[in-house]
Structures are given as C-alpha cells and as structure tokens.
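Trainee: What follows is a single structure, and I will ask about it in a moment.
The values are calculated or read from the model by the stated rules, or taken from the named source; none is laboratory data. All values reported here derive from a predicted model rather than from experimental measurement. Neighbour counts are summed over all protein chains in view; Cβ atoms, including those assigned to glycine, are modelled from backbone coordinates with ideal geometry. Surface accessibility is based on the protein's heavy atoms, side chains included, excluding ligands, DNA and RNA. Shrake-Rupley method; radii C 1.70, N 1.55, O 1.52, S 1.80 Å.
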Amino acid sequence: QVQLVESGGGLVQAGGSLRLSCAASGTIFSTNTMGWYRQAPGKQRELVAVMRSDGSVKYGDSVKGRFTISRDNARTVYLRMNSLKPEDPAVYYCALGAGWVPDDYWGQGTQVTVSS
C-alpha cells in the first residue's frame, strides 16, 4: 500500500519561506511523477508544481519564480516556498503518479498559513 507523508507546513509571515517535504512508502514505480497541489477554502485544488523522474518540471502560474520543487530520488519530493504571499495559504497536498497529472496517490495534506 502506497502512503505519502508530508511535513513542513506551518505559520509564516508574508515574505517569509517554508520548505515542505514528502516521502512515499510502499511499492512504487521507480519512474514516476511527484508533486504538490494546494486547496484553499472554497476553491478548487490547483497545481503548485510537479516534477517527473527525468527532471522536467511544471509550475502553477501563481507560484512561478517563488517556489522551487526538487527531488532526491523516486520516493521524495520537496517544495521550497519563498516570498510567501497572503494568497498562498492552503492545504498543500503531495501527489504521486505518472505523466503530468500525478493523481494516483495523495498525502493527507499539510496546512500553510501566511500572516500579513
């Protein structure tokens, strides 16, 4: 059974930084896509960033230039969030799958709150 466990969320002041981490356990393909989505209250879940095993990445328009996704291996993914804005607060979900829409498995989510 595949499980994704996120960590690193919390409260930060506007303009500050946070780093999210996600680790996958269980049997997974060595070639895969991992990434991050977020969902704010009353809004749809949206893409933050995804990275394929070949290193190619895709970012959501609202985070380009501020957030950076990275991976150590097939089981871990990180999200460095800089210059956090009041519109960034949401529950951030780790995702694992294939292609450019890794929606096979989801983490439980980690809350990010930005104070102004």
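Trainee: Val2: more than 15 Å from the chain's Cα centre (by Cα), touching a residue at least 60 places away in the same chain (Cβ under 8 Å) and open to solvent by less than 40 Å² (accessible area, probe 1.4 Å), yes or no?
Mentor: Yes: the conditions hold for Val2.
Trainee: Can you find even one residue in region 101-109 that is over 13 Å from Ala24 (Cβ atoms), of a type in the set (Val, Ile, Thr) and either surrounded by fewer than 14 Cβ atoms within 10 Å (Cβ to Cβ) or modelled with pLDDT under 95 (or both)?
Mentor: Taking every residue of region 101-109 in turn, at least one turns out to be over 13 Å from Ala24 (Cβ atoms), of a type in the set (Val, Ile, Thr) and either surrounded by fewer than 14 Cβ atoms within 10 Å (Cβ to Cβ) or modelled with pLDDT under 95 (or both).
Trainee: Go through Gly16, Gly42, Gly55 for me and flag whichever is part of a loop (DSSP other than H, G, I, E, B), open to solvent by less than 50 Å² (accessible area, probe 1.4 Å) and under 24 Å from Ser115 (Cβ atoms).
Mentor: Gly16
Trainee: Residues to consider are Val50, Val63; find the one that is open to solvent by less than 50 Å² (accessible area, probe 1.4 Å), modelled with pLDDT of 95 or more, within 29 Å of Ser116 (Cβ to Cβ) and in contact with a Lys or Arg (Cβ under 8 Å, 6 or more places away or on another chain).
Mentor: Step by step, each of Val50, Val63 is checked, and only Val50 is open to solvent by less than 50 Å² (accessible area, probe 1.4 Å), modelled with pLDDT of 95 or more, within 29 Å of Ser116 (Cβ to Cβ) and in contact with a Lys or Arg (Cβ under 8 Å, 6 or more places away or on another chain).
Trainee: If you scan region 68-100, which residues turn out to be more than 13 Å from the chain's Cα centre (by Cα), touching a residue at least 60 places away in the same chain (Cβ under 8 Å) and open to solvent by 20 Å² or more (accessible area, probe 1.4 Å)?
Mentor: Asn82, Ser83, Lys85, Pro86, Ala98, Gly99, Trp100
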